[in-house]
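After the structure tokens below, expect a handful of questions from me.
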Amino acid sequence: MKDFEKEVKKGLSNKPKTLPTKYFYDAKGSELFQEIMDLEEYYLPVCEREIIKNSSNQLAANISSLCNEVDIIGLGAGDGTKTVELLKAFMPLFQHIDYFPLDISADILKVNKENMQVEIPDLKVKPVAGNYFISLPKLAFSDKKRLILFMGANIGNYSPEKAIEFVRFLKENSRTNDLLLIAFDLKKDPEKILAAYNDKEGVTAKFNMNLLARINNELNGNFDLNQFKHFPTYDPVSGVCKSHLVSLEAQTVSIGDDTYSFKSFEAIQTEVSIKYDLSEIEKLAEETGIKLIKHFPDSKNYYTLALFQV
Ligand code: AVJ
């Protein structure tokens with residue numbers, strides 16, 4: 001059985017039912033995510049671009065005071081259109097930079113490399129396709145310092161416990177004094193957060209629903225997409241934003257030879273997007289034994305790029 005099938009079947013057997021977030025991103029899902037990034041309500045990329053525009057020079061200066069050669073590793077690097085602006089600021093301050101974009105998609109890495117070569121001809125780009133939990137441990141250490149980038153507030157998809165495990169994994173794949181730059185979406189007006197996951201056009205709803213379509217297509221499922229409804233919640237105490245697909249009636253769905261029954265209004269949890277405050281980021285650093293060097297927030301304090309040292 002493929003991992004996708006195993007994880008879907010396991011999730012739907014859980015109480016409450018869950019589906020694995022990482023499978024959102026098939027071709028259609030990636031397209032819908034690109035649309036989400038352009039939504040008025042979805043403030044995250046706007047914040048990240050602002051920080052990169054306004055703080056890349058300072059960030060590069062901070063890091064170049066610690067080393068003059070660096071290997072930069074981008075986890076879930078995507079097409080690199082945001083990172084390219086960051087790297088441009090690094091170039092004049094370092095003697096040598098090797099950039100290793102890691103992404104599940106070999107296609108997107110091709111685009112990333114092409115972009116980088118056009119924008120920064122002197123940058124050495126060494127793409128690595130695959131799951132970063134497998135590729136990062138395989139990347140040989142050079143004699144240079146490492147800077148690992150984890151952008152896009154992707155850490156938000158890990159529960160607080162998983163985020164600790166994830167940072168420990170980064171630490172295990174680093175040497176003392178290596179650097180981590182991690183993007184966090186911050187706690188803010190709860191209405192603002194909820195709206196970002198419940199856009200008026202319904203693109204986020206389609207993005208969630210696409211996971212059911214993917215199960216239908218790839219695992220021979222028979223989800224009736226009209227009988228489920230996208231419903232996000234945000235808890236301002238825990239900072240947990242959750243997406244659910246709620247069954248609109250009592251129904252039985254089959255996936256291959258297996259069947260799963262839903263009570264009416266039973267929910268499947270599809271995603272968490274955790275929002276942090278600065279003390280929670282500090283706590284994450286303490287619990288994983290890395291040192292927070294500096295925050296690079298946007299002007300509204302909606303979002304921060306946090307620089308850590310191992
Ligand atoms: C890519 C994980 C940062 O949680 O905000 C966007 C994914 N889900 N809208 C997020 C997402 C619904 C996104 N991350």
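Within the stretch 120-163, work out how many residues are of a type in the set (A, V, I, L, M, F, W, C), surrounded by fewer than 16 Cβ atoms within 10 Å (Cβ to Cβ) and closer than 11 Å to PRO101 by Cα.
Here is the first cut: in the stretch 120-163, the ones of a type in the set (A, V, I, L, M, F, W, C) are 120, 123, 125, 128-129, 133-134, 136, 139-141, 147-151, 153, 155, 163.
Add one more test, that the residue is surrounded by fewer than 16 Cβ atoms within 10 Å (Cβ to Cβ), and what stays is 129, 133-134, 140-141.
Keeping just the survivors that are closer than 11 Å to PRO101 by Cα gives 129.
So the answer is 1.
I would also like to ask the following. Identify all residues within the stretch 111-149 that are touching a Lys or Arg at 6+ places or on another chain (Cβ under 7 Å), within 23 Å of LEU307 (Cβ to Cβ) and part of a loop (DSSP other than H, G, I, E, B); write none if there are none.
ILE120, PHE141
Being within 13 Å of the ligand (Cβ to nearest atom) and in contact with a Ser or Thr (Cβ under 9 Å, 6 or more places away or on another chain) is the filter here, so list the residues in the stretch 208-227 that pass it.
ASN208, LEU211
Any residue in the stretch 8-26 that's closer than 28 Å to ILE108 by Cα: show its pairings with residues that are within 15 Å of the ligand (Cβ to nearest atom) and assigned to a loop (DSSP other than H, G, I, E, B) at Cβ separation under 9 Å, as long as the two are six or more apart or on different chains.
Taking only residues 6 or more apart or on different chains, the pairs are VAL8/LEU19; VAL8/PRO20; LYS22/ILE104; TYR25/ILE104; TYR25/SER105.
So which residues in the stretch 205-245 are farther than 27 Å from GLY256 by Cα, outside any loop (DSSP other than H, G, I, E, B) and touching a residue at least 24 places away in the same chain (Cβ under 8 Å)?
Start the filter on the stretch 205-245 by keeping residues that are farther than 27 Å from GLY256 by Cα, which leaves 232-242.
Checking which are outside any loop (DSSP other than H, G, I, E, B) leaves us with 232-235, 240-242.
PRO232, THR233, TYR234, VAL240, CYS241, LYS242, listed by residue number.
Right, next: Among the residues of the stretch 267-290 satisfying the criterion of being in a loop (DSSP other than H, G, I, E, B) and in contact with a Leu (Cβ under 7 Å, 6 or more places away or on another chain), which is nearest to the ligand (Cβ to nearest atom)?
First, the residues of the stretch 267-290 that are in a loop (DSSP other than H, G, I, E, B): 275, 277, 289-290.
Now narrow it down to the ones that are in contact with a Leu (Cβ under 7 Å, 6 or more places away or on another chain): 275, 277, 290.
Values: LYS275: 10, ASP277: 17, ILE290: 21 Å.
The residue in question is LYS275.
What is the one condition in (1) in a strand (DSSP E or B); (2) surrounded by fewer than 16 Cβ atoms within 10 Å (Cβ to Cβ); (3) of a type outside the set (Gly, Ala, Ser) that LEU102 does not satisfy?
(2)
Consider only pairs whose beta carbons are under 7 Å apart and that are at least six residues apart or on different chains; among these, list those whose first residue lies in the stretch 130-149 and is assigned by TED's automatic domain parsing to the domain that holds SER64 and whose second residue is buried (at least 17 other Cβ atoms within 10 Å of the Cβ) and in a helix (DSSP H, G or I).
LEU147/ILE63; ILE148/LEU170; LEU149/THR83
Quick check on SER264: is it surrounded by 18 or more Cβ atoms within 10 Å (Cβ to Cβ), free of Cβ contacts under 8 Å to residues at least 24 places away in the same chain and among the polar types (S, T, N, Q)? Outline the logic, then answer.
Numbers: surrounded by 18 or more Cβ atoms within 10 Å (Cβ to Cβ): no; free of Cβ contacts under 8 Å to residues at least 24 places away in the same chain: yes; among the polar types (S, T, N, Q): yes.
When the stated conditions are applied, SER264 does not pass them.
Also, I was wondering about something else. Is it the case, given these coordinates, that ILE108 is in the same structural domain as ALA61 (by TED's automatic domain parsing), surrounded by 17 or more Cβ atoms within 10 Å (Cβ to Cβ) and part of a helix (DSSP H, G or I)?
On the way: in the same structural domain as ALA61 (by TED's automatic domain parsing): yes; surrounded by 17 or more Cβ atoms within 10 Å (Cβ to Cβ): yes; part of a helix (DSSP H, G or I): yes.
Taking the combined requirement at face value, the residue satisfies it.
The values are calculated or read from the model by the stated rules, or taken from the named source; none is laboratory data. Worth saying up front: this structure is predicted, and the values here are computed from it rather than measured. Using ideal geometry, Cβ is built from the backbone for each residue, glycine included, and neighbour counts are taken over all protein chains shown.
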